[in-house]
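> Supplied in structure tokens, the structure appears directly below.
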Amino acid sequence: APSTARITGVLPGYGRGWWAGRHILSVAQFTRAELHALFDVATEMKQMVSRAGHYELLRGKVLALLFLEPSTRTACSFQAAMLRLGGTCLTVADAGKRSSVAKGESVEDTVRTLESYADAAIVRSPVVGAAAAAAAAARKPVINAGDGIGEHPTQALLDVFTMREELGTVNGLTVTFVGDLRHGRTVHSLARLLSLYAVRLRYVSPASLRMPGEVLEAVAARGVEQSEHGSLDDVLRETDVLYVTRVQRERFDTVAEYDAVCNEFIITPKTLARAKETAIVMHPLPRLGEIHPDVDTDPRAVYFRQMEYGMYVRMALLAKVLGKA
Ligand code: CP
């Protein structure tokens, strides 16, 4: 795949502002100033949805959705975001099986096709670098909705927005990541994005599922304090944000390898009894057994609000990338 850096230039004709006409491929593209400009618009979107439900900002615009891996939240929140802004969506249903991708068409040619009909494309693929490859071939903005075990930049945007909404600030927080840190693209993007702030990062995982070295190096390069642990007890008392992730069954070679690690970290009401009263529990979802359903009623569980914030952030993102905010 082409490097992300080569294709983060701005496409012409999308108006003014840093976000307009830009492919969104990696959190490495963002600075704090750009994040906060996005979050200001996301806050306006949240207020607007609460007040009126919709606003015709993207009337006449069409968004193409190409999902070559399963999705509920990312696909539906992008779709809802577009509809609430007066635009429409073109969804390639069951794209891995029923589109021409199943005949062997490349992601580049698929995106060239979609942009003939739409104004921007959302791409999810099991292949690291697929969204970047699509963007390199595209004349219209491509947004990475998850590329294998690579990145999920829009999830990281909504995660940071969630911390700001729920805790008021990101600076000063101790964020503890728990679970499958090796395969979890959401934690790869979020750890990198949080390194724009004054935070402490803790990584709790089975030995075989540790955070990749390149993420640790990128975070260290920004001077952020981080440490790895085999037990949640090492860090639970200092944790402000407990970010739980699913062990990703689909990324393992054998069921036996998955079974050996899938139940190592399970968050229950007993776990939260030992956590700070002010802590919050986040999860990108979907969850399997790693957060017990009894945790859902704890006021510190914010993962269902987190997915709602995702729609406001994606509304802001679409408005900005299409040069309308
Ligand atoms: N968090 C997330 O990406 O969820 P989906 O896989 O349902 O889109």
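> Per-residue counts of other Cβ atoms within 10 Å, averaged by peptide: what ranking do you get for 239-246, 168-175, highest first?
Per-residue Cβ counts within 10 Å, averaged per peptide and sorted highest first, yield 239-246, 168-175.
> Please report the relative contact order for segment 91-214, taking Cα pairs under 8 Å with a sequence separation of at least 6, and give it as a percent rounded to a whole number.
It rounds to 18 percent for segment 91-214.
> Same structure, new question: Any idea which of 307, 102, 60 is furthest toward the positive side of the dipole for the chain, if Lys and Arg beta-carbons carry +1 and Asp and Glu beta-carbons -1?
Farthest towards the positive end: 60.
> Remind me, relative contact order of segment 211-290 in percent, using alpha carbon pairs under 8 angstrom and six or more residues apart?
42
> Out of the DSSP beta bridges found with both residues in the chain, what percent are antiparallel (nearest 5)?
5
> Report the Cα centroid-to-centroid distance between segment 134-161 and segment 51-125 in angstrom, as an integer.
Each part reduced to its Cα centre gives a spacing of 13 Å.
> Here's another thing I want to ask about it. Can you give the charge dipole size of segment 146-271 about its Cα centre, rounded to the nearest 20 debye, using +1 on the beta carbon of Lys and Arg and -1 on the beta carbon of Asp and Glu? It would help to have the intermediate numbers written out before the result.
Working: 13 positive and 19 negative charges, 38 e Å.
Dipole of segment 146-271, to the nearest 20 debye: 180 debye.
> Further, regarding this structure: What shape does segment 50-197 have by the C-alpha gyration tensor, where a ≥ b ≥ c are the square roots of the eigenvalues, rounded means a/c under 1.5, and otherwise prolate means a/b greater than b/c and oblate the rest?
oblate
> I've got another one for you. Answer rounded, prolate or oblate for the chain, using the Cα gyration tensor with square roots of eigenvalues a ≥ b ≥ c: rounded when a/c is under 1.5, else prolate when a/b is larger than b/c, else oblate.
Prolate shape, in that a/c is at least 1.5 and a/b is the bigger ratio.
> Which order do 259, 147 fall in if you start with the one that has the fewest other Cβ atoms within 10 Å? Spell out each step's value before the answer.
On the way: 259 12, 147 28.
Ascending Cβ contact count within 10 Å gives the list 259, 147.
> So what is the relative contact order for the chain, in percent, with contacts set as C-alpha pairs under 8 Å and at least six apart?
Once normalised by length, the contact order is 20 percent.
> Would you mind ranking 183, 292, 188 by Cβ crowding within 10 Å, fewest neighbours first?
Ranking 183, 292, 188 by Cβ neighbours within 10 Å, fewest first, gives 292, 183, 188.
> Run the numbers for residue 54 and residue 225: contour at 0.36 nm per residue of separation, minus the present Cα-Cα distance, in nm.
57.4 nm
> Amide H of residue 291: which non-local residues (sequence gap of 5 or more, or other chain) have their own amide H closer than 5 Å, using H built in the peptide plane?
267
> Between segment 171-185 and segment 234-267, what's the alpha-carbon centroid distance in Å?
Cα centroid to Cα centroid, the span is 11 Å.
> Next question. Using r as the Cβ-Cβ distance of residue 198 and residue 268, and R0 as 30 Å, what FRET efficiency do you calculate, to the nearest 0.05?
The calculated FRET efficiency here is 0.45.
> Could I ask something else about it? Counting each DSSP H run of 4 or more residues in the chain as -39500 (n - 2.57), what helix-only mean residue ellipticity at 222 nm follows after dividing by all residues, to the nearest 500 deg cm²/dmol?
When only DSSP H runs of four or more count, the value is -11000 deg cm²/dmol.
> Another question, then. Taking a ≥ b ≥ c as the square roots of the Cα gyration tensor eigenvalues, with a/c under 1.5 meaning rounded and otherwise prolate when a/b beats b/c, else oblate, which class fits segment 137-183?
oblate
> Using unit Cβ charges (K, R positive; D, E negative) and no other charged atoms, how large, in debye to the nearest 20, is the dipole of segment 1-157 about its Cα centre?
On the way: 17 positive and 13 negative charges, 51 e Å.
With Lys and Arg at +1 and Asp and Glu at -1, about 240 debye.
> Taking 7 Å along the Cα-to-C-beta vector as the label spot, tell me the residue 277-residue 169 distance in nanometres, rounded to one decimal.
Those two pseudo-labels are separated by 2.1 nm.
> With a cap of 13 neighbouring Cβ atoms within 10 Å, and only residues DSSP puts in a loop, list the GluC sites (Glu not before Pro) found in segment 23-121.
Qualifying residues, ordered by number: 105.
A short reminder: the numbers here are calculations on the coordinates, not readings from a lab. Values in this document were obtained by computation on a predicted structure and should not be read as measured data. Positions of Cβ are generated from backbone atoms using ideal geometry, with glycine treated the same way; all protein chains shown enter the neighbour counts.
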